[in-house]
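The values are calculated or read from the model by the stated rules, or taken from the named source; none is laboratory data. Given the structure is predicted, the values throughout are model-derived calculations rather than measurements. Every residue, glycine as well, gets a Cβ built from its backbone with ideal geometry; the counts of neighbours run over all protein chains shown. The accessibility values were calculated without ligands, DNA or RNA, using every heavy atom of the protein model including side chains. Shrake-Rupley method; radii C 1.70, N 1.55, O 1.52, S 1.80 Å.
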Amino acid sequence: MKYGKEEAVMTRGLAILSMVCLHLFCRLGSDVVCQPLLWINSEKPFVYWIGFFCEICVPLYSMCAGYAQYLMFQKNRSSFKLRGKRILKLLKNYWIILAMFCLLGIFFDTEGRIPGGIWNFLKSIVLLHSYNGTWWYLKTYIILLLIPAGVLLFPVKKINAYLGVVLCLAMSAGWYLAGKFQLTDITFHNTVFEFIKTEILNLIHVLPFFWIGAFLCKANIFEVLGERIQNSNRKNWINAGIIVGVIIMFVVINLLEKAVLIYPAAVVVFLSFNLIKKPVFVQKLFLFLGKHSTNIWLTHMFFLSVLFIGLVWKAKYPVLIVLFMLVLCVAASYAEMLISFALDKITALFRAKTNESV
């Protein structure tokens, strides 16, 4: 098998579903707002286990990005011009969402935080202000795209792929421990230095998983493992074994409740999700979520804790809450797509008229 466009979209679908579940359900005790039907103990609902495990979302996104970047590098499609187009496309997506929710904020934000004045809005356009905590990844991803591919992927070209994955996981564990012992808690009173420090810390957090994705692409991991599974007489047993293995890993990690274990778990999930044979309806579900993943990422916190605070909790039960959240986000996503389509049409007409006049 190959890790192609559809597989990448489905993996982003899994990543965004994980992100939504993380922000909804990684809550204990009095912070549990919904009405879970199943509890591990008096303080911990079962959905907390799901939320805790779903911290794999950022590593999954980063591995997708790294895999794609190395693939394009191999095909000589990583020029600055092409990367610039990807950045502009992403920023256009972001600017439409920004304008949509700032407009909604004028009518629905009783505290006046959104847009909170023209200066905050203007700073948000150039990513110097944020109305939404999850937007931090936008700047980090853009920084990754701005770095020349030859420089960014230099370690991947020079190091053995499997050794590289191990080294990156060790780097992530070391970075986790550094944060645990507050070795990264450095404060600058200068705004510029503080901004630079924050972006460097975010980049260090994401970079190991970006490289892991690139290392896995270099190793042709899905082609190698997929061919072995395909040629086996026990494909169904292998498929079932992978699923059971992920479930066992899920239970063990939640019993131990060590965040550092999420890092290798994310790699296992990334591989397992793309190796198992999925029913058609599952593929369609994750393709749909993947198609809307960027917009769901950019909008979901507005419905949770930024603008329409408490709205999604009205669904009461975890499954209904997730569905309600996705319905709201997908509706916003279609609105963004419609605006984007209209802007493209207007731009095309303007260019046509300009060319005619010339």
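Using a 1.4 angstrom probe on heavy atoms only, work out the carbon and sulfur share of the accessible area of the chain in %. Each step should come with its number before you reach the end.
Details: 13050 of 19240 Å².
Here it works out to 68 percent.
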Net charge (Lys, Arg +1; Asp, Glu -1) of residues whose beta-carbon lies under 15 Å from that of ILE339, ILE339 excluded, is +1
Counting sequence-distant residues (5 or more places) and residues on other chains, those with an amide H built under 5 Å from that of HIS129 are SER124
Sorted on mean Cβ neighbours within 10 Å (highest first), peptides 252-258, 203-209, 172-178 come out as 203-209, 172-178, 252-258
Expected vector for the range 226-233, Karplus 3J(HN,Hα) from phi with 6.51, -1.76, 1.60 and θ = phi - 60°, integer Hz, x for Gly and Pro, equals x, 5, 5, 5, 5, 7, 7, 7
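Rounded to a whole number of µm²/s, how large is the Stokes-Einstein D of the range 80-207 at 4 °C and 1.567 mPa s, given Rh as the Kirkwood radius over C-alpha pairs?
Calculated translational D: 75 µm²/s.
Over the range 148-226, what is the relative contact order in whole percent, taking alpha-carbon pairs under 8 Å and six or more residues apart?
Details: 34 pairs, mean separation 42.6, N = 79.
Relative CO of the range 148-226 lands at 54 percent.
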Square roots of five times the C-alpha gyration tensor eigenvalues of the range 142-241, ordered largest first and given in whole Å, equal 36, 17, 11
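For every helix of n ≥ 4 consecutive DSSP H residues, a contribution of -39,500 (n - 2.57) applies; sum these over the chain, divide by its total residues, and give [θ] at 222 nm rounded to the nearest 500 deg cm²/dmol. Walk me through the numbers on the way to the answer.
Numbers: 16 runs with 259 residues, N = 358.
One gets -24000 deg cm²/dmol as the mean residue ellipticity at 222 nm.
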Taking the range 236-303, the whole-percent share of alpha-carbon pairs separated by over 17 angstrom is 59 percent
Shape descriptor, the chain: equivalent ellipsoid semi-axes (Cα gyration tensor, sqrt 5λ, whole Å, largest first) stand at 32, 28, 23
The set of residues whose placed amide H lies less than 5 Å from the amide H of TRP39, leaving out same-chain residues fewer than 5 positions away, is PHE46
Once phi for every residue in the range 190-197 is put through the Karplus expression 6.51 cos²θ - 1.76 cosθ + 1.60 (θ = phi - 60°), the whole-Hz ³J(HN,Hα) values, with Gly and Pro written as x, are 8, 4, 5, 5, 5, 5, 4, 4
1/(1 + (r/R0)^6) with r = Cβ-Cβ of PHE308 and LEU88, R0 = 25 Å, i.e. FRET efficiency to nearest 0.05, evaluates to 0.25
The simple spin-label model distance between VAL244 and LYS316, using points 7 Å out along Cα→Cβ, in nm, is 3.8 nm
In order over the range 203-220: 3J(HN,Hα) from phi, Karplus 6.51/-1.76/1.60, θ = phi - 60°, whole Hz, x for each Gly or Pro, gives 5, 5, 5, 8, 4, x, 6, 4, 5, 4, x, 5, 4, 5, 5, 4, 7, 6
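How much accessible area per residue does the chain have, in Å², with a 1.4 Å probe? Don't jump to the answer; show the numbers that get you there.
Numbers: 19240 Å² over 358 residues.
I get 54 Å² per residue for this part.
May I ask you to derive the relative contact order of the range 1-150, considering only C-alpha pairs under 8 Å and at least 6 residues apart, and to give it as an integer percent? Mind dumping the intermediate values first?
Values: 104 pairs, mean separation 28.3, N = 150.
Here the relative contact order equals 19 percent.
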So TRP237 and LEU177, fully extended at 0.36 nm per residue minus their Cα-Cα distance, gain in nm 17.8 nm
Dividing the mean separation of Cα pairs under 8 Å (6+ apart) by the residue count of the chain yields a relative contact order in percent of 31 percent
